[in-house]
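Rule-based calculations on the coordinates, nothing more; no lab input. Just so it is clear, the structure is predicted and the values come from calculations on it, not from any experiment. Note that each Cβ is placed from the backbone with ideal geometry, even for glycine, and that neighbours are counted across all protein chains shown.
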Amino acid sequence: MSGSHVFLQYVRRSFVLRWALLFAAFGIPLAVLAVSEGIRTHRRVQDFYPTRAEIQAKYRIGGRGGPSHFLLIRYLDRAGGQHERRVGASRGEYAEARRGDEIAAYVSGIDPSDAWLVSAGQPNYKRTEALAGVAGGMFVPLVAMLEWLRRRAAVLRDGHPVTGRVEKSGRDYRIRFSTKFHYRVTWSCTGPDGRLRRGKSLHVPKPFASKWRPGDEIEVYFDPRHPWLAEVDVYGMRNGDRK
């Protein structure tokens, strides 16, 4: 069985897949947002200038963290072109804003259709750095989990086989976030170094764990370089599922 096939089978059948999808679901949009924000900020930093804008309307959009406030402003760029843009505003600015009032704004010299209020400050990369940091924080655990899974799959693919015995097969009550992946197989055997070794499988779906009973023989594979690193073949991937 190829290494990539073993790895994919492990990912598909283990609880790691759920965590991987969870981190990816949050991390990828954040990474895309960080890149988009970085590009916009870079363009703003290159060239921007102040102008006077006229308030056309104001909006308030509700959310869990409280309402967000926006103003629709109309302004002229330095070439004389007229633009309208919705910009973020503080609660105070929103409360005091009236249609027709003037308000100070900055305009991007590279993209005249991009403007923001002077009160928001000059452009900087703080928001981009924050988004990139959060996105990176999502991907680091994901990469670590996949690497840990790859090492275990490599032991199953290339390890030295030893016949062990199942000591216990059942629910792991320490894990309470799922109803499908609460089960593990506990095993013991005499390792290649002659020492008694015990271990547990990855969290597996109940149908696979329930096939094993205490006293059953089960194949355990050891890393030739690290006798303490072993993986039990719960799924029968290497030699076929004889259960």
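Descriptive notes on the structure:
- Amide H contacts of residue 218 (H built 1.01 Å from N, under 5 Å, at least 5 apart or other chain): 164, 165, 166
- Modelled spin-label separation between residue 162 and residue 126, with each label point placed 7 Å from Cα along the Cα-to-Cβ direction: 5.8 nm.
- Note on the range 63-211: with charges restricted to the Cβ of Lys and Arg (+1) and Asp and Glu (-1), its dipole about the Cα centre is near 1640 debye.
- Integer Hz, Karplus 6.51/-1.76/1.60 couplings in order for the range 104-116, x for Gly and Pro: 7, 9, 9, 10, 6, x, 7, 10, x, 7, 9, 9, 8
- Per-residue ellipticity at 222 nm from helix content only, as computed over the chain with -39500 (n - 2.57) for each DSSP H run of at least four residues, stands at -11500 deg cm²/dmol.
- Extension gain for residue 229-residue 40 works out to 63.2 nm (0.36 nm per residue, less the C-alpha to C-alpha distance).
- Each residue of the range 192-200 was assigned a 3J(HN,Hα) from its phi angle through the Karplus expression (A = 6.51, B = -1.76, C = 1.60, θ = phi - 60°), giving x, 8, x, 9, 6, 10, 10, x, 10 Hz with x at Gly and Pro.
- Relative contact order (%) - criterion: Cα under 8 Å, at least six apart; region: the range 49-168: 21 percent
- Listed options for semi-axes √(5λ) of the Cα gyration tensor in Å are (i) 25, 21, 18; (ii) 38, 21, 15; (iii) 61, 19, 13. The value calculated from this structure is the one marked (iii).
- Degrees between helix 126-158 axis and first principal axis of the chain (Cα, 0 to 90, nearest 10): 20 degrees
- Think of the chain as a dipole: +1 on every Lys or Arg Cβ, -1 on every Asp or Glu Cβ, centred on the Cα centre; then among 144, 106, 170, 170 lies furthest on the positive end.
- Per residue, the average separation of C-alpha pairs within less than 8 Å and at least 6 apart gives the range 94-243 a relative contact order of 21 percent.
- Proximity of backbone amide H atoms, modeled 1.01 Å from N, is registered between residue 190 and 197 at under 5 Å, excluding neighbours fewer than 5 places apart on the same chain.
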